[in-house]
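**Q** Before I ask anything, let me first share the structure, which is written out below as structure tokens.
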Ligand SMILES: Cc1cc2nc3c(=O)[nH]c(=O)nc-3n(C[C@H](O)[C@H](O)[C@H](O)COP(=O)(O)OP(=O)(O)OC[C@H]3O[C@@H](n4cnc5c(N)ncnc54)[C@H](O)[C@@H]3O)c2cc1C
């Protein structure tokens, strides 16, 4: 008997889960309340950073697993979703060394360059500190990746139902009933990957941690080097040394160079979006004027996207009974897409225990005198 699974949410996490579950023989229905390619959640647009550089080796390993998954997906779909352009980290030296150590311990090649050498190689960026470079990084085309994940899932027999909102989930020993505004779906298990809307759906079933939903506002800028082929790695500017603002990320994309502050947007209700904040945009433009000479700072075009941030910025990928949850990606989940699908499939089909880094029980307050984890 094939395991019947309803996956709620067709962003990167739900789409990857649908692919991996269907590939492993499950009977999958992937449901989303909005249409294909919508921009109301977190997975839309033309670019996301892919990189290995994390100070926690678990994420370095997960990035390596995801790389294999992105490559497989490209082979299956014939569409290029990942381009390796390399990545630079600069700013606070105390933030860079742990990244270099973790890359080293997982045998991912990286090296430091001095600021003058880095400035010559990447004239679009300005550096005032040592720069950590690793080549196994770049960008994922987000819209294309989500569409290709869904195509890979449907090729393995999954059904995708769009513009169908899940209203509630009920479980009992005989199975799961997912009530939608288009009727009832029955299954053996349910996966909730509903981004900023996850808490409301899983609340009755498991102890989902408090999540901050913020509306983030990166912007695209026109390159001043158009036609001259300046190399653009993806980049992270860590506050410290000569820079005191918020953490900044960026990368080149088909829409221009995208630059954003990491996690500084206002907390919102995901159903009530607000207009772009001019003060946040001015601060970003100031940063760009000073630190990113390779773009025209007068050309900012802001975009809007949601972060769902957990208290420790690590993800939640865990299962309680027939309900598996994949959420809280805290503004850094996209790059791991296929690996997130693998983790979900292992929870659902193998009943494998959750990776402790992503387990729900890490949020439980320990009883006095006991040690956490
Ligand atoms: C500005 C910005 C920049 C980012 N940059 C990077 C980056 O460079 N690299 C990186 O790795 N990550 C990045 N991220 C993070 C990454 O994009 C997210 O972690 C990831 O997209 C989260 O995907 P998700 O599937 O969990 O959520 P979503 O994409 O929001 O998907 C959830 C889906 O659930 C659906 N849904 C919700 N409720 C229901 C319901 N009741 N019934 C049916 N469907 C429902 C929604 O319609 C939605 O489609 C960035 C995020 C933002 C906002």
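Listed here are the residues, each with its yes/no results for (1) at positive phi; (2) surrounded by 19 or more Cβ atoms within 10 Å (Cβ to Cβ); (3) touching a strand residue (DSSP E or B) at 6+ places or on another chain (Cβ under 9 Å).
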{"site": "118", "(1), (2), (3)": "no, yes, yes"}
{"site": "127", "(1), (2), (3)": "no, yes, yes"}
{"site": "139", "(1), (2), (3)": "no, yes, yes"}
{"site": "144", "(1), (2), (3)": "no, no, no"}
{"site": "167", "(1), (2), (3)": "no, no, yes"}
{"site": "188", "(1), (2), (3)": "no, no, yes"}
{"site": "213", "(1), (2), (3)": "no, yes, yes"}
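**Q** Then there is this: Is one or more of the residues making up the range 41-61 within 11 Å of the ligand (Cβ to nearest atom), farther than 23 Å from residue 257 by Cα and modelled with pLDDT of 95 or more?
**A** Scanning the range 41-61, I find at least one residue that is within 11 Å of the ligand (Cβ to nearest atom), farther than 23 Å from residue 257 by Cα and modelled with pLDDT of 95 or more, so the answer is yes.
**Q** So if I check each of 179, 164, 144, which one is within 28 Å of the chain's Cα centre (by Cα), within 14 Å of the ligand (Cβ to nearest atom) and in a strand (DSSP E or B)?
**A** 179
Residue by residue, here is whether (1) in the same structural domain as residue 8 (by TED's automatic domain parsing); (2) touching a helix residue (DSSP H, G or I) at 6+ places or on another chain (Cβ under 9 Å); (3) over 12 Å from residue 13 (Cβ atoms); (4) touching a residue at least 24 places away in the same chain (Cβ under 8 Å) holds:
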residue	(1), (2), (3), (4)
299	no, no, yes, yes
314	yes, yes, yes, yes
332	yes, yes, yes, no
340	yes, yes, no, yes
343	yes, yes, no, yes
355	yes, yes, yes, yes
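**Q** Being in a strand (DSSP E or B), within 26 Å of residue 1 (Cβ to Cβ) and within 17 Å of the chain's Cα centre (by Cα) is the filter here, so list the residues in the range 182-235 that pass it. Steps first, answer last, please.
**A** If we filter the range 182-235 for residues that are in a strand (DSSP E or B), which is where we start, we get 183-187, 189-192, 212-216, 219-221, 223, 234-235.
Checking the rest, the ones that are also within 26 Å of residue 1 (Cβ to Cβ) come to 183-187, 189-192.
Scanning the range 182-235 gives a single hit, 192.
**Q** For residue 13, are the conditions met, namely being more than 16 Å from residue 341 (Cβ to Cβ), in contact with a strand residue (DSSP E or B) (Cβ under 7 Å, 6 or more places away or on another chain) and within 13 Å of the ligand (Cβ to nearest atom)? Reasoning before the result, please.
**A** Values: more than 16 Å from residue 341 (Cβ to Cβ): no; in contact with a strand residue (DSSP E or B) (Cβ under 7 Å, 6 or more places away or on another chain): yes; within 13 Å of the ligand (Cβ to nearest atom): yes.
Criteria not met by residue 13.
**Q** Looking only at the range 66-83, which residues are within 15 Å of the ligand (Cβ to nearest atom) and buried (at least 16 other Cβ atoms within 10 Å of the Cβ)?
**A** Selection gives 66, 67, 69, 70, 81, 82.
**Q** Looking at the structure I just gave you, is residue 30 more than 11 Å from the ligand (Cβ to nearest atom) and either at positive phi or touching a residue at least 12 places away in the same chain (Cβ under 8 Å) (or both)?
**A** no
**Q** Here is a follow-up. Residue under question is residue 157, and the condition is that it be in a loop (DSSP other than H, G, I, E, B) and not assigned by TED's automatic domain parsing to the domain that holds residue 66; does it hold?
**A** No; evaluated as a whole, the condition is false for this residue.
The values are calculated or read from the model by the stated rules, or taken from the named source; none is laboratory data. What you are looking at is a predicted structure, and each value in this text was computed from that prediction instead of being measured. Cβ: placed from backbone, ideal geometry, glycine included. Neighbour counts: every protein chain shown.
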